[in-house]
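**Q** Got a structure here, written out as structure tokens. Questions coming.
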Number of protein chains: 2
Amino acid sequence: MNFTKTTEYGLRIMSYMSLDNSKLYTANDLFNNLQIPFRYLRKQLNFLSKQGLLVSIQGKQGGYQIAKPLHEITLLNIVEATDEVIPENKCFFGFHDCPLTEKCSMHDKWGDVRDATLEILRTTTLFDLNKEKCSINLSLK
Amino acid sequence: MNFTKTTEYGLRIMSYMSLDNSKLYTANDLFNNLQIPFRYLRKQLNFLSKQGLLVSIQGKQGGYQIAKPLHEITLLNIVEATDEVIPENKCFFGFHDCPLTEKCSMHDKWGDVRDATLEILRTTTLFDLNKEKCSINLSLK
DNA sequence: ATTTAATGATACCTTTAGGGGTTATTTAAA
DNA sequence: TTTAAATAACCCCTAAAGGTATCATTAAAT
Ligand code: SF4
Ligand code: SF4
């Protein structure tokens, strides 16, 4: 009932980098701010680049940058890129195809929760996070 | 973003057995209806008994039975018994203690989703499932 | 050209969830 | 009292997620 660590890391990274999407962020910079194990962070930055969410620039003065306009990247994009589990069509009881002859009450009840959750992920972009002052981009302690 | 298999199995088991909470269900019966690997099912029935959600009766004609009145067992009880992850206090970005000086927008936004989700789990009992005709208890194909 | 500061690639290690196998124990029924 | 049908206990196997280590590559700065 929560995201994988990999997804959480992805959300942190993208959220943090969306503060200034013209800036190049080094892995070291991100490491100092996002509480992600360094090696794993490196791996994931690499991965996010391949996924097209980041652009990486090698060499001295290199780093990473968000690849697209902020309003074009939704939270769901990040979740899906880091954890293919969401689109998986499983019901409350974990069935892929329902073994029942008629739908149970949890079907709609839980379906509503799921829909509401996905709706937030689908409609919230990195631009929105900043607009609404998601201060993971504002001020670290 | 979904329950563990173990939790899903737990929900299936308890939901199915709540149809008739006076009946003894054998592992074999549950196996034939709930699409759970037999050995793993056995292990989990054992576990649920130790957790106090089921009562087990050994020997010939033995089996398992729901341990308490249906209205005293919430879905959250089952989730918590099978997967200690929910109460874990992690935010949208996976932080246990927030590194920010002021709360970000996802804090409340996601907090609301989480609260709504937990509220359903906390307030829905096995009795409610049956009352509302959750037909995992009604008719298998 | 050489150095240095950055990322890329690859392979390995560790932990945990999920699943399986075997033998012991219990108890109703024959 | 023996047998059969059930659960209990214990140990091991596998795959995937999370994390680590090492070396190669790039490119700006000197
Ligand atoms: S009706 Fe119930 S058991 Fe069937 S798919 Fe929906 S939630 Fe799952
Ligand atoms: S304010 Fe944002 S970063 Fe801090 S705990 Fe809440 S959701 Fe997490």
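No lab work stands behind these numbers, since they all come straight from the coordinates. Fair warning: this is a prediction, and the values are worked out from it, not measured in the lab. All Cβ positions, even for glycine, are placed from backbone atoms using ideal geometry, and neighbour counts span all protein chains on display.
**Q** Taking the Cα centre of the protein assembly as shown as origin, work out the dipole magnitude from +1 charges on Lys and Arg Cβ and -1 charges on Asp and Glu Cβ, in debye rounded to 20.
**A** 880
**Q** Same structure again: How big, on average over all directions, is the shadow cast by the Cα convex hull of chain A, in nm²? Could you put the intermediate results ahead of the total?
**A** Values: hull surface 39.5 nm².
For chain A, the mean projected area of the Cα convex hull comes to 9.9 nm².
**Q** Of the residues A:K103, A:K43, A:K131, which exhibits the maximal mean-square fluctuation in a Gaussian network model of chain A defined by a 10 Å Cα contact cut-off?
**A** A:K103
**Q** Need the C-alpha centroid separation for region B:49-128 versus region A:57-118, integer Å.
**A** Their Cα centres are 21 Å away from one another.
**Q** Let me ask you something else. Per-residue mean of other chain beta-carbon atoms within 10 angstrom of the beta-carbon, peptide B:4-13? Mind dumping the intermediate values first?
**A** On the way: counts 2, 2, 1, 3, 6, 2, 2, 4, 5, 1.
Rounded to a whole number, the mean comes out at 3.
**Q** Are there GluC sites (Glu not before Pro) in region B:1-95 that DSSP marks as loop and that have at most 15 other Cβ atoms within 10 Å, and which are they?
**A** On the way: sites: B:E8, B:E72, B:E80, B:E84, B:E88; in loops: B:E84, B:E88.
Qualifying residues, ordered by number: B:E84, B:E88.
**Q** Once you have a ≥ b ≥ c as the square roots of the Cα gyration tensor eigenvalues for region A:6-54, tell me rounded if a/c is under 1.5, and otherwise prolate or oblate according to whether a/b is larger than b/c.
**A** Details: a/c = 1.40, a/b = 1.09, b/c = 1.28.
Note, shape of region A:6-54 comes out rounded.
**Q** On to the next question. Per-residue mean of other chain beta-carbon atoms within 10 angstrom of the beta-carbon, peptide B:105-117? All intermediate terms of the calculation are to be shown ahead of the outcome.
**A** Numbers: counts 10, 11, 3, 1, 6, 5, 0, 2, 6, 3, 0, 4, 6.
The shielding value for this peptide is 4.
**Q** Taking 1 over the mean of 1/r across every pair of different Cα atoms in region B:23-93, what Kirkwood radius in Å do you get?
**A** Details: mean 1/r = 0.0738 Å⁻¹.
That comes to 13.6 Å for region B:23-93.
**Q** Provide, for region B:5-131, the number of lysine pairs with alpha carbons under 20 Å apart, each pair being eight or more places apart or on different chains.
**A** 11
**Q** Projecting each Cα onto the charge dipole of region A:5-131 (Lys/Arg +1, Asp/Glu -1 at the beta carbon, about the Cα centre), which of A:L118, A:N33, A:L76 comes out farthest on the positive side?
**A** About the Cα centre, the residue reaching furthest to the positive side is A:N33.
**Q** Now for a different question. Other chains' Cβ within 10 Å of A:26-35 residues: what's the mean?
**A** Numbers: counts 0, 0, 0, 0, 0, 0, 0, 1, 4, 6.
Going residue by residue through A:26-35 and averaging, the value is 1.
**Q** Using only alpha-carbon positions, what ratio does the radius of gyration of the protein assembly as shown give when scaled by 2.2 N^0.38 Å? Each step should come with its number before you reach the end.
**A** Numbers: Rg = 22.3 Å, N = 282, 2.2 N^0.38 = 18.8 Å.
Compactness ratio reported: 1.19.
**Q** Can you name the helices of chain B, as whole DSSP H runs, whose Cα span along the helix axis is 24 Å or more and whose Kyte-Doolittle mean is not below -1.0? List each step's numbers first, then the result.
**A** Working: long enough: B:105-123 (27 Å, -0.72).
Result, helices passing both filters: B:105-123.
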